[in-house]
Every structure is written in structure tokens, then in C-alpha cells.
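Everything on this sheet refers to the single structure shown next.
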Amino acid sequence: MSFRQHIVLFSMASIWILLWQDSAPASAQESSICQLGQAETCAKACDGGKLKSCNLLGNCLKYSLGATKDASAALALFQKTCDAGDMDGCGYLAGSLMTGAGDVIDPNRGFKLAEKACAAGALPGCNALGAAYLYGLAGPSQPEKGIGLLEQACKQNDPMACNNLAAAVFGGNGVKADAPRALRLYQQSCQGGFPPACGILAVMWRDGQGARKNHAQAYAAFAKACAGGSLEGCLGQGFYLLHGQGTRKKPKQAASLFQKACTGGVLSACDNLGVLMQKGRGVKRDLQGAYALFQRTCQDSSATGCFNLGFLHQKGLGRPVDLAQAYKLFEQACQSGELKACNAQAAMLQNGQGTEADPLRAENLYQTACTGGIRVACKNLKKLRKLKAKVMKLK
């Protein structure tokens with residue numbers, strides 16, 4: 001009735017609306033100073049009066065691309081550039097106001113700014129306006145009008161508009177669902193310099209959505225997302241390097257990427273790094289370090305972190321065996337949806353470890369984990385039922 005610890009595979013299951021993109025220099029005289037993900041470089045250029053760089057810095061802060069997320073600071077930067085007459089900045093400001101990013105929500109003002117920016121030819125304004133019509137951000141939804149604006153901006157190589165259009169096409173929102181077309185649009189957005197689109201593209205290649213599974217393409221897309229400052233992209237790239245899918249196995253590089261993403265606040269990266277530290281894979285074995293990481297993620301509501309922490313208590317790794325604490329953590333993780341923890345909890349219930357024996361409850365938990373795809377739980381369930389039938393027969 002053994003079970004193994006769980007390493008998290010990053011999954012960008014949701015597709016979100018992001019209302020920004022850098023379409024053109026703020027003025028004919030201002031050349032590109034920095035890129036998304038280069039927050040420090042953008043900050044220096046912004047301090048020097050470069051409005052385009054201020055917009056890019058705002059986007060880095062708003063979406064945590066090479067910088068700690070700070071939507072309020074991003075909002076202030078967009079307000080600054082918009083006040084200076086930069087229509088791209090007004091477009092970004094419009095998106096933030098309509099979605100409430102930065103703790104300020106003013107849909108009507110945002111919509112008017114989007115209209116003004118789009119009429120002036122600023123693609124970020126057209127992107128924000130298209131999303132507003134499509135999703136009814138400032139009034140009744142007008143999907144056809146919204147799709148039209150996004151298509152127009154995407155044709156002019158606005159990667160953010162391509163991303164939003166891809167999300168609509170993938171989900172069938174205002175347009176017929178078409179996964180292959182969505183993949184092409186995410187690819188266009190990624191190639192245009194929008195890192196989060198690269199992450200979504202990677203997941204589509206990984207899962208075979210819109211095309212056959214292609215792990216080499218998925219790895220390349222995750223790597224591009226990571227290079228652009230997306231910590232989730234670094235997590236995905238690290239997972240591929242750890243397992244050698246689509247690229248050569250490089251545990252040390254994987255651990256480094258997990259560390260980077262963990263430091264940036266990606267809990268699943270901390271869980272993965274903790275498992276590597278526990279096993280001494282890609283990094284020096286450090287049970288105390290692993291315990292600290294699992295404790296942190298468990299406290300931050302990571303079911304996987306609680307499961308891994310329970311495993312250390314159960315096996316006495318880095319500390320004395322504590323079956324009662326292990327059971328408590330497995331139960332907590334199971335209740336939060338970690339099915340491997342349900343299997344572990346069931347095993348302890350069956351054997352009366354850390355808690356009173358309860359074969360009936362153990363059977364139910366094995367069933368839950370088995371139904372959720374945990375194979376060892378199915379085996380454990382079968383063994384328990386055979387044992388139960390044998391006992392009944394003896395009676």
C-alpha cells in the first residue's frame with residue numbers, strides 16, 4: 001500500500017483576458033528601450049522620461065513579468081503616460097479601469113478612454129475596447145463588435161489583441177470554437193512578444209489541443225515564456241528539463257528554474273523544489289530546506305505542500321516520525337483535492353496509524369482516489385475488499 005510523493009506539473013488551465021500590449025513607440029523619436037520582462041531596464045528608461053518604457057514597466061508590474069506584481073503601481077504609470085498625451089498609455093489605463101486592476105474600478109471612464117485611444121489609432125485602446133464589447137465590461141455585451149475590433153488589431157500585429165482573440169476562439173466566445181485557429185493566434189501573439197501567450201501555447205502543444213502533442217514545441221514555448229519574465233513559464237520549462245521531455249534531462253537547471261519561480265511566489269514551484277531538495281536531485285540533499293518549503297506552501301493553501309509535508313512526518317525524514325501529524329496533514333490535503341493524499345490517508349485509516357482504524361472510511365477514500373485516476377489506490381481498494389471478503393467468509 002505504498003504511495004509516492006507528488007511533483008506538480010504546471011498546468012495553465014485557465015485562459016484570461018489581459019488588456020495590454022505595446023503596439024508602437026510613444027513617439028516617432030522614441031526607439032525601443034526595453035522589452036517585457038526587463039523591469040529594471042524599463043524602470044531606468046522610464047525615469048529618463050521614456051513614456052514607452054513607462055508603459056512596458058507598468059505591464060511588467062501588472063502581470064508579474066520580471067517584477068513583483070504591483071497592479072497599483074502599474075495603474076499609476078499608465079495614468080502618468082496617459083496624462084502626458086500617450087494614447088497607448090490611455091489604452092492600458094482603460095483596460096485596468098474596466099477590470100479593476102490596481103484596486104480602482106471605473107468601467108465608464110475606462111470605456112471612454114478606450115474609445116478615445118482606439119480612435120487615435122492606438123492599438124492597446126482598440127484591444128481594450130474590443131474586450132469591453134466582447135465581455136460586457138462597461139455595458140451589454142456585443143460579441144460581434146468585440147471580435148471585429150480584436151481581429152482588426154491582431155491583423156495589425158498587436159500581440160495582446162491576438163491573445164484575447166485566441167482566448168475567444170478557443171472558448172467559443174462570440175465566435176465559433178476553433179482550437180487549431182486558437183493555437184495559431186497564440187503562436188502569433190507569442191512570436192509578437194507577449195510571454196503569457198507563449199505559456200498558453202506551450203500547454204496546448206503539451207496537451208494536444210489544436211494540434212498533435214509536441215513536447216519539443218511545448219518546451220520551446222515554455223522557455224520563451226520564461227525568458228520573457230513569466231514565472232509560470234519557468235515552472236513549465238523546469239518540469240520539462242527535469243523529465244527530459246522535448247529536451248535533454250538537466251536536473252540542475254530544472255532546480256534553478258524552480259528556485260526562480262518559487263522566489264517569485266509560484267507555490268507549485270516551491271513544492272517541486274522541495275521534492276528535489278528532499279531527494280538530492282539537481283541540488284544538494286537538504287531535508288530541513290525541503291521541510292521549510294512544504295510548510296510554507298501548506299500554510300499558503302497548497303494541498304500538494306501539505307501532502308509532501310505529511311510524507312516527511314510519516315517517514316521521519318529530517319525529524320522524528322509523527323504519525324498523528326502525518327495523518328492530519330494527509331486529511332487536510334485530501335479535503336483540498338489532493339487525491340494522492342486521499343490514498344495515503346486511507347492507508348493510515350486501514351492500518352490504524354496515527355488515528356483509529358476505520359476500514360469502511362478507508363474503503364471510501366480509496367474509491368475516491370481510484371475514481372480520480374490514482375492507480376495505486378485502485379490496487380489498494382482491491383486488496384482491502386479481498387481482505388474484507390475473506391474476513392466475512394471466516395465469520
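The values are calculated or read from the model by the stated rules, or taken from the named source; none is laboratory data. Predicted model only: the values in this text are computed from it and were never measured. No Cβ is skipped: glycine too gets one built from the backbone with ideal geometry, and neighbour counts run over all protein chains shown.
Take GLN187 and tell me if it is of a type in the set (S, T, N, Q), farther than 26 Å from GLY100 by Cβ and touching a Pro at 6+ places or on another chain (Cβ under 9 Å).
Taking the combined requirement at face value, the residue does not satisfy it.
Got a sec? Which of ALA114, ALA138, ALA122 is among the aliphatic types (A, V, I, L, M) and closer than 20 Å to CYS60 by Cβ?
ALA122
State yes or no: is LEU273 among the aliphatic types (A, V, I, L, M), in a helix (DSSP H, G or I), under 23 Å from THR68 (Cα atoms) and out of contact with any Gly (no Cβ under 8 Å at 6 or more places or on another chain)?
yes
Looking at (1) surrounded by 23 or more Cβ atoms within 10 Å (Cβ to Cβ); (2) modelled with pLDDT of 95 or more; (3) within 21 Å of ASN59 (Cβ to Cβ), find the lone condition where PHE194 falls short.
Going through (1) surrounded by 23 or more Cβ atoms within 10 Å (Cβ to Cβ); (2) modelled with pLDDT of 95 or more; (3) within 21 Å of ASN59 (Cβ to Cβ) one by one, PHE194 breaks only (2).
Which one of these does CYS154 not meet: (1) without any contact (Cβ under 8 Å) to a residue 40 or more places away in the chain; (2) surrounded by fewer than 20 Cβ atoms within 10 Å (Cβ to Cβ)?
Against the list (1) without any contact (Cβ under 8 Å) to a residue 40 or more places away in the chain; (2) surrounded by fewer than 20 Cβ atoms within 10 Å (Cβ to Cβ), CYS154 comes up short only on (2).
Given the structure, is PHE258 aromatic (Phe, Trp, Tyr), surrounded by 20 or more Cβ atoms within 10 Å (Cβ to Cβ), in contact with a helix residue (DSSP H, G or I) (Cβ under 6 Å, 6 or more places away or on another chain) and within 22 Å of ALA225 (Cβ to Cβ)?
Yes.
Every residue in region 49-63 that is assigned to a loop (DSSP other than H, G, I, E, B), more than 17 Å from the chain's Cα centre (by Cα) and either without any contact (Cβ under 8 Å) to a residue 12 or more places away in the chain or under 17 Å from GLY229 (Cβ atoms) (or both), please.
Across region 49-63, the qualifying residue is only GLY49.
Answer yes or no as to whether GLY85 is at pLDDT 95 or above and outside any loop (DSSP other than H, G, I, E, B). If you could, list the steps in order and put the result at the bottom.
Numbers: at pLDDT 95 or above: yes; outside any loop (DSSP other than H, G, I, E, B): no.
Here the answer is no, as GLY85 does not meet what is asked.
Okay, residues lined up against (1) assigned to a helix (DSSP H, G or I); (2) out of contact with any helix residue (DSSP H, G or I) (no Cβ under 7 Å at 6 or more places or on another chain); (3) β-branched (Val, Ile, Thr):
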{"site": "GLY95", "(1), (2), (3)": "yes, no, no"}
{"site": "ALA101", "(1), (2), (3)": "no, no, no"}
{"site": "ALA138", "(1), (2), (3)": "no, no, no"}
{"site": "VAL175", "(1), (2), (3)": "no, no, yes"}
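Applying the selection to region 128-146, what residues are of a type in the set (A, V, I, L, M, F, W, C), closer than 16 Å to LYS116 by Cα and buried (at least 24 other Cβ atoms within 10 Å of the Cβ)? Reasoning before the result, please.
So the first thing to find is which residues in region 128-146 are of a type in the set (A, V, I, L, M, F, W, C), and the list is 128-129, 131-132, 134, 137-138.
Now narrow it down to the ones that are closer than 16 Å to LYS116 by Cα: 128-129, 131-132, 138.
ALA128, LEU129, ALA131, ALA132, listed by residue number.
Just the residues that are outside any helix (DSSP H, G or I), at pLDDT 95 or above and surrounded by fewer than 16 Cβ atoms within 10 Å (Cβ to Cβ), please, taken from region 307-335.
GLY316, LEU317, PRO320, VAL321
Looking at ARG206, ARG212, which is the one that is buried (at least 24 other Cβ atoms within 10 Å of the Cβ), among the basic types (Lys, Arg) and without any contact (Cβ under 8 Å) to a residue 40 or more places away in the chain?
Going through ARG206, ARG212 in turn, just one is buried (at least 24 other Cβ atoms within 10 Å of the Cβ), among the basic types (Lys, Arg) and without any contact (Cβ under 8 Å) to a residue 40 or more places away in the chain: ARG206.
Looking only at region 251-264, decide whether some residue is over 21 Å from PRO159 (Cα atoms), of a type in the set (Val, Ile, Thr) and in a helix (DSSP H, G or I).
Yes, the conditions are met somewhere in region 251-264.
Inspect region 297-306 for any residue being part of a helix (DSSP H, G or I) and either surrounded by fewer than 19 Cβ atoms within 10 Å (Cβ to Cβ) or over 25 Å from the mean Cα position of the chain (by Cα) (or both) and give the result as yes or no.
Within region 297-306 (the criterion being part of a helix (DSSP H, G or I) and either surrounded by fewer than 19 Cβ atoms within 10 Å (Cβ to Cβ) or over 25 Å from the mean Cα position of the chain (by Cα) (or both)), the answer is yes, since at least one residue qualifies.
Just checking, which of GLY274, GLY264, GLY289 is buried (at least 24 other Cβ atoms within 10 Å of the Cβ) and small (Gly, Ala, Ser)?
GLY274
Under the condition of being assigned to a helix (DSSP H, G or I) and among the hydroxyl-bearing types (Ser, Thr, Tyr), which residue from region 215-250 is surrounded by the most Cβ atoms within 10 Å (Cβ to Cβ)? Step through it out loud before you land on a result.
Residues of region 215-250 that are assigned to a helix (DSSP H, G or I), as a first pass: 215-227, 231-243.
From what is left, the residues that are among the hydroxyl-bearing types (Ser, Thr, Tyr) are 219, 240.
Numbers: TYR219: 22, TYR240: 27.
Per the stated criteria, the residue is TYR240.
Which residues, counting only those in region 336-388, are exposed (fewer than 14 other Cβ atoms within 10 Å of the Cβ), small (Gly, Ala, Ser) and farther than 18 Å from ASN308 by Cα?
Once the filter is applied, which keeps residues that are exposed (fewer than 14 other Cβ atoms within 10 Å of the Cβ), small (Gly, Ala, Ser) and farther than 18 Å from ASN308 by Cα, region 336-388 yields GLY352, ALA357, GLY373.
On the given criteria, is LEU149 under 21 Å from ALA101 (Cβ atoms), of a type outside the set (Gly, Ala, Ser), modelled with pLDDT of 95 or more and buried (at least 20 other Cβ atoms within 10 Å of the Cβ)? Full working, then the answer.
Details: under 21 Å from ALA101 (Cβ atoms): yes; of a type outside the set (Gly, Ala, Ser): yes; modelled with pLDDT of 95 or more: yes; buried (at least 20 other Cβ atoms within 10 Å of the Cβ): yes.
Answer is yes for this residue.
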